[in-house]
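Below is one structure, written out as structure tokens; the observations come after it.
The values are calculated or read from the model by the stated rules, or taken from the named source; none is laboratory data. This structure is a prediction, so every number in the text was calculated from the model and none was measured. Cβ atoms come from the backbone with ideal geometry, glycine included; neighbour counts cover every protein chain shown.
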Amino acid sequence: MENFAQFWNYGLFTLPGGAELKVSQLVLTLAVVVGGLLLGHWLQKLLGRALGARKVNPNAVLTIQRLVFYFILVLVFVTALAMLHIPITALAFISGAVAIGVGFGAQNVINNLISGWILMSERPVRIGDFIEIDDHKGVVESIGNRSTQIRRVDGVHMLVPNSHMLERMVVNWTLHDLRIRTMVRVGVAYGSPVRRVAELLEQIVSGEKGVLKDPPPLVVFEDFGDSALVFDAFFWAEVGGERELRVIRSEIRMRITELFEQEGIVIAFPQRDVHLDTSRPLEIQLKRED
């Protein structure tokens, strides 16, 4: 026990202020730091479960978790300095030098960290939003310290640096609401009753359960095409992403095919008329392939 007491109270070195740093202080300080970090992670998970059970907005939950963790981190740092008898003012010069070094060596990390806080405070992109960035579409699953995790429509996960979410063009389909306007285009053969076609299209689109009644669908006779009379049916739908929108358009197209067939209206396809000059004899040659 005497040997342990000597080791426990053994002085490692003397600090500038005259205080002696002992083994016991160093061991207890390390224990406090490790325990504080573990406590911070545990509180993060506990808050996430508790607030999630109360159905709090996931973005608010993430912000609260971050604030609590960083608050505990600061308390642990201050407590560790106090246990080592190191005044905070003594770190002023060192922290300034470290800040300069970190500023030059970790610009991207700091940029992404600050961008993450901007994303959580201004909330141009939130957890659960369906977004489009650099020709990729997907749902935001989490906003981390360095990157934002996006699950693409094909199930692949993307990690996008937070700075890219602020510096690049991001299309947020669900920023304010889930209402999206889209259209279905169809071409009918020349000679078809155009007003009847417009009535049928409006009836089909209005009857689809995923289409909103307000504003009402709009059918437009768009153009005289090369091989068809072109009609566009515009409508609004309340969806959470592109997949639901494709399903609605698919159902409308199938209904158009069925109803037009019943009405005897032909959906046009590319056609070419070939005219032969019969004012003079035609020369026909037959070639045999060996």
*asked:* Considering only residues that are of a type outside the set (A, V, I, L, M, F, W, C), under 29 Å from the mean Cα position of the chain (by Cα) and under 15 Å from residue 183 (Cα atoms), which ones fall in the range 214-242?
replied: 215, 238, 242
*In the range 21-48, what residues are among the β-branched types (Val, Ile, Thr) and surrounded by 12 or more Cβ atoms within 10 Å (Cβ to Cβ)?*
23, 29, 32, 33
*Consider only pairs whose beta carbons are under 6 Å apart and that are at least six residues apart or on different chains; among these, list those whose first residue lies in the range 253-278 and is over 15 Å from residue 199 (Cβ atoms) and whose second residue is aliphatic (A, V, I, L, M) and modelled with pLDDT under 80.*
none
*Could you please give the count of residues in the range 160-174 that are in contact with a helix residue (DSSP H, G or I) (Cβ under 9 Å, 6 or more places away or on another chain), of a type in the set (A, V, I, L, M, F, W, C) and part of a strand (DSSP E or B)?*
1
*asked:* Given the criterion more than 20 Å from residue 186 (Cα to Cα) and assigned to a helix (DSSP H, G or I), identify the matching residue among 255, 243, 249.
replied: 243
*State the number of residues belonging to the range 182-198 that are of a type in the set (D, E, K, R) and either in a strand (DSSP E or B) or under 39 Å from the mean Cα position of the chain (by Cα) (or both).*
1
*asked:* Is it the case, given these coordinates, that residue 235 is among the aromatic types (Phe, Trp, Tyr) and within 30 Å of residue 272 (Cα to Cα)?
replied: no
_Taking the condition of being outside any loop (DSSP other than H, G, I, E, B) and free of Cβ contacts under 8 Å to residues at least 12 places away in the same chain, how many residues in the range 122-148 meet it?_
1
